[in-house]
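Everything on this sheet refers to the single structure shown next.
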Amino acid sequence: MKKHKYTITIFTENFIGLLSRITLIFTRRHINIESITVSESEVKGVHRYTVVVKITEEQVKRVVKQIEKQVEALKAFYYRDDETIHQEIALYKVSTKFLDGKHNLEFVIRTHQARILSVENKYMVIEKTGHKSETQELLELLQPFGVLEFVRSGRVSISKPMKELSEYLNEMEEELQSQRA
């Protein structure tokens, strides 16, 4: 089977140690996590994990089922890249010695739709939001200007399918009530 890049979105309650247990699911299956981000979601008290992996569809289905077995995991979904809108943010610390007008540093920044966040005596910090390939391309173009530091976030992603988390939570609540009756 062919491997594809998947974005797995996991909605959970916020409990200590849950991140460790979720990453352990991937580790046990020898699946490399390409990126992971955690944040609040649109529902109060619910956190959102966004995990990017490159695996087969069969593997992603098994992983999602295993994640949903965690008590604190409310729901997990997986999407291919064409089913999401996603971005990453990158920060570059670059030497200011090339801001003399003789070099094309400012042109590189502008043409890549990046922005300067801060200018200090010896360095400046540049921000670029985009897909990994876009932030990587800017990194390579900035190398001749003296990249002092570089950091890129994990993926943040929104799914294109329109069913809202609150709908899933309501369905889960109704299912629990019918099981109790």
>> Need the list of lysines near K44 for cross-linking: C-alpha distance under 23 angstrom, and skip anything on the same chain fewer than eight residues off.
In response: K69, K75, K160, K163
>> Please list, in order, the residues from region 31-59 whose amide nitrogen is less than 12 Å from a point placed 7 Å along the Cα→Cβ vector of I158.
In response: 42
>> For Kirkwood radius over Cα pairs in Å, one of (i) 18.7; (ii) 17.4; (iii) 16.4 was computed from the structure I shared and the rest are decoys. Which label?
In response: (i)
> In nm, to one decimal, how far is the R29 label point from the T129 one, both placed 7 Å along Cα→Cβ?
Replying inline: 3.1
> Out of every Cα pair in region 1-101, what percent are spaced more than 22 Å from each other?
Replying inline: 36
> So what's the net charge close to L99: Lys and Arg +1, Asp and Glu -1, counting the other residues with Cβ under 15 Å from its Cβ?
Replying inline: +3
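Considering all projection directions equally, how large on average is the shadow of the alpha-carbon convex hull of region 86-152, in square nanometres?
Across all orientations, region 86-152 yields a mean hull projection of 4.0 nm².
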> Simple spin-label model, 7 Å along Cα-to-Cβ: R62 to Q143 in nm?
Replying inline: 3.8
>> Which aspartates and glutamates, if any, have their Cα less than 13 Å from the Cα of K2, not counting same-chain residues under 8 positions apart?
In response: E57, E58
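To the nearest 20 Debye, how big is the dipole of region 86-152 about its Cα centre, given +1 on the beta carbon of each Lys and Arg and -1 on that of each Asp and Glu? Spell out each step's value before the answer.
On the way: 9 positive and 9 negative charges, 22 e Å.
With only Lys, Arg, Asp and Glu charged at Cβ, the dipole is about 100 debye.
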> Can you tell which of I158, I25, I16 shows the greatest fluctuation in a Gaussian network model of the chain with Cα springs below 10 Å?
Replying inline: I16
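With a Förster radius of 25 Å, plug the Cβ-Cβ distance of K122 and V151 into 1/(1 + (r/R0)^6) and report the FRET value to the nearest 0.05.
Rounded to the nearest 0.05, the efficiency is 0.85.
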> What residues of region 5-47 lie in the reach of a label at E167, counting those whose backbone N is under 18 Å from a point 7 Å from the Cα along Cα→Cβ?
Replying inline: 9-11, 42-43
> Cα to Cα, under 22 Å, and not fewer than 8 places away if on the same chain: which lysines meet these conditions relative to K102?
Replying inline: K93, K122
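Read the figures in this text as sums done on the coordinates, not as results from a lab. Source: prediction; values computed, not measured. Quick reminder, even Gly has a Cβ in these numbers, built from the backbone with ideal geometry, and neighbours come from all protein chains shown.
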